[in-house]
Amino acid sequence: MILSKYRVGIGGLILGEYDEETGASWIVEDLDGWQRSTSTGTTTPRSAARGAWRSRAFQAAKGYTLKGVVHSAAGNAPDLIDQLLAAIPLDVPELMTVYGVHSGDDRITYVRQEGDADPKIVTPELATFSIGLVAPDPLTYSATQHVESAGLPVTTGGLSVPFTVPFSVNAVTVSGVVAVDNVGKAAVAPRVIFYGPVERPKITHLGTGESLQLNMDLASGEWLDLDLDRHTAMLNGVSSRRGYVSGQWFELAPGNNLLAFNSPTYSAGAEAQIVWRDAWK
């Protein structure tokens with residue numbers, strides 16, 4: 001049973017609904033800051049001239065305050081508050097899902113506690129809570145992860161004849177281009193996974209011209225995972241190959257993006273997989 005506008009999943013708990021297993025009614029009164037966006041930009045007044053000098057500006061980490069009430073017919077509200085506090089990460093940010101607020105997909109972010117967690121036991125059946133959270137990465141993402149794949153471009157067909165004819169028969173090139181649609185409103189860095197066998201694979205954003213190339217070959221059964229947000233390159237999930245990567249780390253703009261997969265030589269088994277979530281400020 002849904003009890004609140006905001007339904008928040010964190011640490012195995014879903015707040016904002018009735019928990020049949022424990023008999024607890026978790027009510028989320030507010031998730032303050034959910035759609036707040038703060039800039040790191042500053043200005044410095046110019047001397048002897050109008051206006052100010054501006055700094056580079058980026059989106060700052062996003063702070064939230066999770067406020068609510070828990071009712072327990074069993075009279076164990078203090079135990080439920082203990083369960084809630086245990087679900088809030090203190091160090092490494094963990095997944096928080098917000099259900100049903102936006103049209104379409106649910107949204108996720110990664111948070112940890114910052115500042116106070118301030119629960120109050122009103123009666124054995126009733127407690128309130130107010131918990132400060134921070135998302136070091138301020139973007140919110142679609143709960144659904146998207147995947148698109150591309151093989152290497154290949155030229156097929158065409159006709160070679162031993163005599164002169166007044167026409168030509170063109171070969172057909174099957175493109176290694178894949179369309180990636182970010183339906184969010186903020187640019188997002190994807191992951192690109194190359195699967196061997198492939199010689200020095202390269203991925204290019206055709207809209208910006210930015211590209212990343214792996215300056216090594218992948219054998220059959222090997223893969224390399226490029227995380228364009230963290231700027232990492234992991235071979236088979238265990239070994240860094242960051243030093244073998246050259247080019248520009250790019251993002252997917254809101255809307256449609258065309259990415260091209262290339263290699264100096266064709267390999268039927270080669271594949272590039274694009275993995276991303278839609279993103280919002």
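Would you mind stating whether PRO201 is surrounded by 13 or more Cβ atoms within 10 Å (Cβ to Cβ), in contact with a Lys or Arg (Cβ under 8 Å, 6 or more places away or on another chain), assigned by TED's automatic domain parsing to the domain that holds TRP276 and touching a residue at least 40 places away in the same chain (Cβ under 8 Å)? So PRO201 does not fit the description; no. For the stretch 117-134, how many residues are under 28 Å from SER39 (Cα atoms) and buried (at least 20 other Cβ atoms within 10 Å of the Cβ)? Qualifying residue count, the stretch 117-134: 2. Across the stretch 16-52, the qualifying residues are those that are of a type in the set (A, V, I, L, M, F, W, C) and more than 27 Å from the chain's Cα centre (by Cα), and the one among them that is surrounded by the fewest Cβ atoms within 10 Å (Cβ to Cβ) is ALA48.
Cβ separations smaller than 7 Å between residues 6+ apart or across chains give the following pairs from the stretch 11-38 residues that are part of a loop (DSSP other than H, G, I, E, B) to residues that are acidic (Asp, Glu): GLY11/GLU94. Looking only at residues of the stretch 56-73 that are out of contact with any Leu (no Cβ under 9 Å at 6 or more places or on another chain) and free of Cβ contacts under 8 Å to residues at least 60 places away in the same chain, we find that the one that is surrounded by the fewest Cβ atoms within 10 Å (Cβ to Cβ) is ARG56. Going residue by residue through the stretch 239-259, is there one that turns out to be within 30 Å of ASP106 (Cα to Cα), outside any strand (DSSP E or B) and either among the β-branched types (Val, Ile, Thr) or at pLDDT below 95 (or both)? Among the residues of the stretch 239-259, not one is within 30 Å of ASP106 (Cα to Cα), outside any strand (DSSP E or B) and either among the β-branched types (Val, Ile, Thr) or at pLDDT below 95 (or both), which makes the answer no. Residues that are modelled with pLDDT of 95 or more and over 30 Å from THR123 (Cβ atoms) occur at least once in the stretch 63-75. The residues on offer are LEU212, LEU224, LEU228, LEU218, and the sole one that is over 20 Å from the mean Cα position of the chain (by Cα), more than 14 Å from ALA150 (Cα to Cα) and aliphatic (A, V, I, L, M) is LEU218. The number of residues in the stretch 208-223 that are surrounded by fewer than 16 Cβ atoms within 10 Å (Cβ to Cβ) and without any contact (Cβ under 8 Å) to a residue 24 or more places away in the chain comes to 2. The number of residues in the stretch 39-60 being touching a Gly at 6+ places or on another chain (Cβ under 7 Å) and either in a strand (DSSP E or B) or within 19 Å of ALA86 (Cα to Cα) (or both) comes to 1.
The values are calculated or read from the model by the stated rules, or taken from the named source; none is laboratory data. All figures in this text were calculated on a predicted structure; none of them were measured in a lab. All Cβ positions, glycine included, derive from the backbone under ideal geometry; neighbour counts span all protein chains shown.
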